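Got a structure for you, questions after.
Readers should treat all values here as calculations from the given coordinates under stated rules, not as data from a laboratory. From a predicted model like this one, the values you see are computed outputs, not experimental measurements. Positions of Cβ are generated from backbone atoms using ideal geometry, with glycine treated the same way; all protein chains shown enter the neighbour counts.
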Amino acid sequence: MKKHLFIVATILVFSLHVLSGRIFGADNVVKIKRIALMPFGTFTAEDISIDMTRFISDCLIKNEFEVISQDILENFLAKRRIRGTEFLNKPAIREMGAALKANVLLLGSVDLLEDCKNPQVAMNAQMINCFDSSVVWANSISRTGDDFATFLGIGRITSLKKLIEITVEKLLNDLPSSVNVIVDMGSSSITPIEISHAGFSPDVLKGGETTRISIEVKEITKKLRDIRAFVLDSEIDLKTKDGRWYTGTISAPAIDGVYSLKIYVSDRWNRLFSVNSAANLTVQNSSPEITLLFQKRLISPNNDGINDYIQFFPELLKAITLESWEVEITDKDGKVVRSENGFGMLPANFFWQGENNQYKPVKDGTYFCRLFVQDKAGNRTSTAKEKIVVDKTMPESTVVLAEENEESLTLLLKTKDISKIADWKVIVYDRTGAEAGKFEGKGNVPATIVCPVKKKLKKDLSTEENQSPEEEDALTYSLEVRDIAGNKLRIERQPLKCPEPKATEPEKKKDEWVEDF
Amino acid sequence: MSLTRKFIFLLVILESISACSSATTPYAYVRKNHDQPVVKKVAIFSFHNNTMIAEANKIVTGAFVASLVKMRKFKVEFPGNIKSFLVSERIIVRTGVDLNTIKLMGKRLGVDAVIIGRIEEFVGMEQKEKGVIPVVSISSRMLDVRTGKILWMAQHRRTGDDYIKVLDFGKVRSVGELTKKVVLEMIKTMP
């Protein structure tokens with residue numbers, strides 16, 4: 001009886017062990033026998049051809065590994081249209097492992113190969129577990145001929161071939177002899193069936209719109225029995241023609257958000273495996289929020305280095321992916337004078353130099369800037385019209401002598417400009433040429449200026465003799481007026497003129513009755 | 001002076017000389033009181049190359065992956081899976097990645113953190129004349145995929161001469177070897 005009990009207990013423990021392995025995905029150590037070696041490339045140095053893959057293959061064989069023939073590997077890669085290491089991913093590696101019965105994949109690159117007096121080699125290699133595509137070993141190495149030089153340069157390597165042999169040996173000297181594999185595929189990350197591609201098209205849309213889903217399935221170790229895909233709790237009706245690509249359509253959820261695609265696959269033993277977040281669907285019903293920020297709104301594009309361009313900054317207030325943007329500048333009649341558009345991200349800033357779409361300067365006046373954006377879901381929005389003033393004309397200003405008496409001069413000033421006046425300066429010179437008064441200020445130019453006159457100085461006879469009567473009598477002024485756009489009017493020593501008398505209209509002759517027919 | 005004393009005296013001098021040589025450690029930051037679960041698996045993005053040497057990012061990224069795998073601090077995601085993810089999501093990585101991408105990557109690839117970095121200097125690769133002192137300067141940071149917070153960051157710059165012990169012994173002559181040393185010193189500061 002005791003003997004029977006012992007046998008039953010042993011069987012029970014063994015079964016439990018196996019079962020636990022199946023449930024929890026127990027690890028098992030597998031000896032590395034077969035290695036798939038991805039091509040490292042062939043290089044030419046001076047007049048010799050160096051096949052790096054062969055060097056590595058020889059080294060692996062020396063270390064008692066079985067290297068899969070390059071022809072077989074290339075055939076596998078060509079069938080799956082894998083053109084290089086950079087196109088390898090988890091499903092491809094797992095498929096390779098299953099198809100070629102390879103335990104691991106060795107890949108890497110030759111980063112430097114220099115054949116000169118001091119030859120140089122730099123390379124890196126990684127060993128990937130074909131069972132789960134995990135990196136089990138990695139190494140990088142860089143060697144030069146000088147690295148082997150000892151006292152008085154003895155031992156220096158000058159042959160590139162020899163250096164490669166030593167470097168490859170050193171690179172692969174600590175390769176592992178075994179890898180961990182999961183006995184059973186109960187683990188969620190390692191499944192007998194790989195989803196190599198899953199995606200929505202379009203993947204960003206408005207709620208209620210229809211999107212197409214496509215899923216590519218790769219059977220790694222077991223045959224697929226059933227596949228089901230869900231977004232939230234709505235199942236997508238999947239159809240296939242070749243048993244590899246599954247397609248279906250779904251109506252997007254109504255509420256804004258990012259929705260993950262969940263895929264369930266079952267193998268022929270009816271074991272269920274799930275893949276979370278295989279693809280994401282983004283629902284965007286609200287329009288993007290944007291704003292335009294300006295440092296200044298006035299521009300004087302006259303190439304004087306002051307306010308020659310305007311810079312404005314678009315800012316996306318709600319972080320969403322934009323499909324396209326368009327910025328346009330219109331005149332006061334609403335006619336577009338300058339526009340620019342692009343796709344994707346907004347530029348950090350915009351510059352406008354007062355040119356139209358033909359790159360010709362626009363007229364002075366008021367313009368309006370507006371930014372339009374459209375997100376990937378098709379929601380379109382724009383900023384408010386932002387006012388920009390183009391003023392490249394200098395202020396117009398006239399100064400006339402309104403009144404002159406012994407004590408003062410009264411000047412009348414008239415200034416005209418689109419923009420406000422920033423500052424001004426008037427200097428009045430008396431008949432001797434000396435400065436009679438200096439007036440300056442910020443803001444608008446005053447309409448009248450009264451300049452006190454100093455008592456007449458005794459004129460220097462010698463200068464009087466030399467001066468012409470016109471010069472002797474002239475009162476002069478200098479004027480500087482600058483508007484806020486940076487345009488500056490400068491008048492130097494111009495004679496002060498009296499106001500022009502108002503032109504009187506000649507009296508119209510009354511129609512007289514002429515009796516003389 | 002006896003022979004033993006002479007030997008000890010020589011050793012002391014050699015030791016003091018070696019102590020005089022540069023022994024800089026990386027500028028490193030490690031987030032403390034981080035309440036997230038321990039990082040088990042990391043994804044390493046190809047380092048952004050800020051130098052004129054085209055191969056620099058391949059060498060540095062390769063060295064980083066190799067050193068992390070060797071030190072067994074974290075599991076490293078196969079770079080092909082990272083590339084495949086970026087291609088499928090149409091993401092271009094230059095100097096950094098946005099939080100949404102990091103989060104999605106965490107879910108899709110099952111990684112806990114991502115490592116991104118930049119190569120600032122890489123001298124000694126193209127200079128064929130002898131006597132060029134190699135220089136490597138790298139900055140790198142590790143980001144939590146759940147929050148996007150920086151868990152670790154380090155900046156390190158070394159030259160081949162920094163490793164001279166006495167006379168010319170210990171000098172690093174190739175930029176590749178120097179890269180390995182720099183990367184290793186940086187990884188040692190990781191949490």
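Between rounded, prolate and oblate, where does region A:290-390 land on the alpha carbon gyration tensor, with a ≥ b ≥ c its root eigenvalues, rounded for a/c under 1.5, else prolate if a/b exceeds b/c?
Values: a/c = 2.16, a/b = 1.84, b/c = 1.18.
Prolate is the answer for region A:290-390, as a/c is 1.5 or above and a/b outweighs b/c.
When the dipole is taken about the Cα centre of chain A, and only Lys, Arg (+1) and Asp, Glu (-1) are charged at their Cβ, what size is it in debye, to the nearest 20? Show your work: numbers first, answer last.
On the way: 69 positive and 75 negative charges, 738 e Å.
My answer is approximately 3540 debye.
Another one. Remind me, relative contact order of region A:258-324 in percent, using alpha carbon pairs under 8 angstrom and six or more residues apart? Spell out each step's value before the answer.
Working: 84 pairs, mean separation 17.1, N = 67.
It comes to 26 percent, rounded to a whole number.
What percent of all Cα-Cα pairs in region A:23-182 falls in each 5 Å bin, counting up from 0?
2, 8, 18, 20, 17, 14, 9, 6, 4, 2, 1, 0, 0
Using the Cβ atoms and a cut-off under 9 Å, what net charge is assigned to the surroundings of residue B:106, where Lys and Arg are +1 and Asp and Glu are -1? Before the final figure, lay out each step's value.
Working: positive: B:103, B:107, B:108, B:146; negative: B:112, B:144.
Net charge around residue B:106: +2.
Let me know the longest stretch in chain A that avoids all GluC sites (Glu not before Pro) found in a DSSP loop with at most 15 other C-beta atoms within 10 Å. Let's see the in-between values first.
Working: sites that count: A:46, A:64, A:209, A:289, A:406, A:407, A:507, A:512, A:515.
Longest site-free region, per DSSP loop and neighbour criteria: A:65-208.
Shifting gears a bit: For region A:150-230, count the residues as N, evaluate 2.2 N^0.38 Å, and divide the Cα radius of gyration by that value, please.
Numbers: Rg = 25.9 Å, N = 81, 2.2 N^0.38 = 11.7 Å.
In units of the 2.2 N^0.38 Å rule of thumb, it is 2.22.
Sticking with this structure for a sec: From the C-alpha gyration tensor of region B:35-187, pull out the three semi-axes of the equivalent ellipsoid (sqrt of 5λ each), sorted largest to smallest, in whole Å.
On the way: eigenvalues 191, 54, 28 Å².
Result for region B:35-187: semi-axes of 31, 16, 12 Å.
Taking H placed 1.01 Å from N in the peptide plane, check which residues at least 5 places from residue A:497 or on another chain put their amide H under 5 Å from its amide H.
For residue A:497, whose amide H was placed from the backbone, the distant partners under 5 Å are A:401.
Also: Test of the criteria: in region A:311-346, which trypsin sites (Lys or Arg not before Pro) are in a DSSP loop and have at most 13 other Cβ atoms within 10 angstrom of their Cβ? Walk me through the numbers before you get to the answer.
On the way: sites: A:318, A:332, A:335, A:338; in loops: A:318, A:332, A:335.
Sparse-neighbourhood loop trypsin sites (Lys or Arg not before Pro): A:318, A:332, A:335.
Hey, another quick one. Report the dimensions of region A:29-80 along its three principal axes from the alpha-carbon atoms, largest first, rounded to Å.
The Cα atoms of region A:29-80 stretch 45, 30, 14 Å along their principal axes.
Nearest 5 is fine: what % of DSSP beta bridges in region B:35-187 come out antiparallel, could you say?
Numbers: 20 of 27 bridges.
If I count the DSSP bridges inside region B:35-187, around 75 percent turn out antiparallel.
Let me ask another. Counting only Cα, what are the radius of gyration and maximum Cα-Cα distance Dmax of chain A, in Å?
43.9, 165
Report the Cα centroid-to-centroid distance between region A:330-396 and region A:108-162 in angstrom, as an integer.
If we compute the Cα centre of each part, the gap is 57 Å.
While we're looking at this one, here's another question. Check region A:290-390 and count each lysine pair with an alpha-carbon distance under 27 angstrom, considering only pairs eight or more places apart or from different chains.
23
Still on this model: Keeping to pairs on different chains or 8 or more places apart, tell me how many lysine pairs in region A:23-182 have Cα atoms under 25 Å apart.
Within region A:23-182, the lysine pair count is 21.
While we're on this one: Determine, for A:327, B:60, the number of other Cβ atoms within 10 Å of each Cβ, and report the residues in order from fewest to most.
Details: A:327 23, B:60 29.
Listed from fewest to most nearby Cβ atoms, that is A:327, B:60.
About its Cα centre, how strong a charge dipole does region A:290-390 have in debye, to the nearest 20, once Lys and Arg get +1 and Asp and Glu get -1 at the Cβ? Don't skip to the answer; put the middle values down first.
Numbers: 13 positive and 13 negative charges, 52 e Å.
Its charge dipole is roughly 240 debye.
So, one more: Compute the separation of the alpha-carbon centres of region A:187-228 and region A:246-269 and state it in Å as a whole number.
Value for the Cα centre distance between the two parts: 8 Å.
With +1 on the Cβ of every Lys and Arg and -1 on the Cβ of every Asp and Glu, and nothing else charged, how large is the dipole of region A:366-414 about its Cα centre, in debye rounded to the nearest 20?
Working: 7 positive and 8 negative charges, 209 e Å.
The calculated dipole for region A:366-414 is roughly 1000 debye.
For chain A, what proportion of DSSP beta bridges, expressed in % and rounded to the nearest 5, is antiparallel? Write down the numbers at each step before the final one.
Details: 130 of 140 bridges.
Expressed as a percentage, antiparallel bridges in chain A total about 95.
Relative contact order for chain A using alpha-carbon pairs under 8 Å, separation at least 6, rounded to a whole percent? Don't jump to the answer; show the numbers that get you there.
On the way: 1058 pairs, mean separation 42.8, N = 517.
Reported as a whole number, the value is 8 percent.
Is it possible to state the helix-based mean residue ellipticity at 222 nm for chain A, with each DSSP H run of 4+ residues giving -39500 (n - 2.57), the sum divided by total residues, to the nearest 500 deg cm²/dmol? What is it? It would help to have the intermediate numbers written out before the result.
Working: 7 runs with 78 residues, N = 517.
For chain A, the value works out to -4500 deg cm²/dmol.
Another question, then. How shielded is A:112-119 by partner chains, expressed as the average number of their Cβ atoms within 10 Å of its Cβ atoms? Walk me through the intermediate numbers first.
Details: counts 9, 0, 3, 0, 1, 3, 5, 0.
Mean inter-chain Cβ contacts per residue within 10 Å come to 3.
Also: Work out, in µm²/s and without decimals, the Stokes-Einstein translational diffusion coefficient of region A:407-448 at 25 °C, 0.890 mPa s, Rh from Kirkwood over C-alpha pairs.
Working: Rh = 11.7 Å.
In µm²/s, the coefficient rounds to 210.
I want the antiparallel fraction of DSSP beta bridges within region A:193-283, as a percent rounded to 5. Let's see the in-between values first.
Numbers: 35 of 37 bridges.
Expressed as a percentage, antiparallel bridges in region A:193-283 total about 95.
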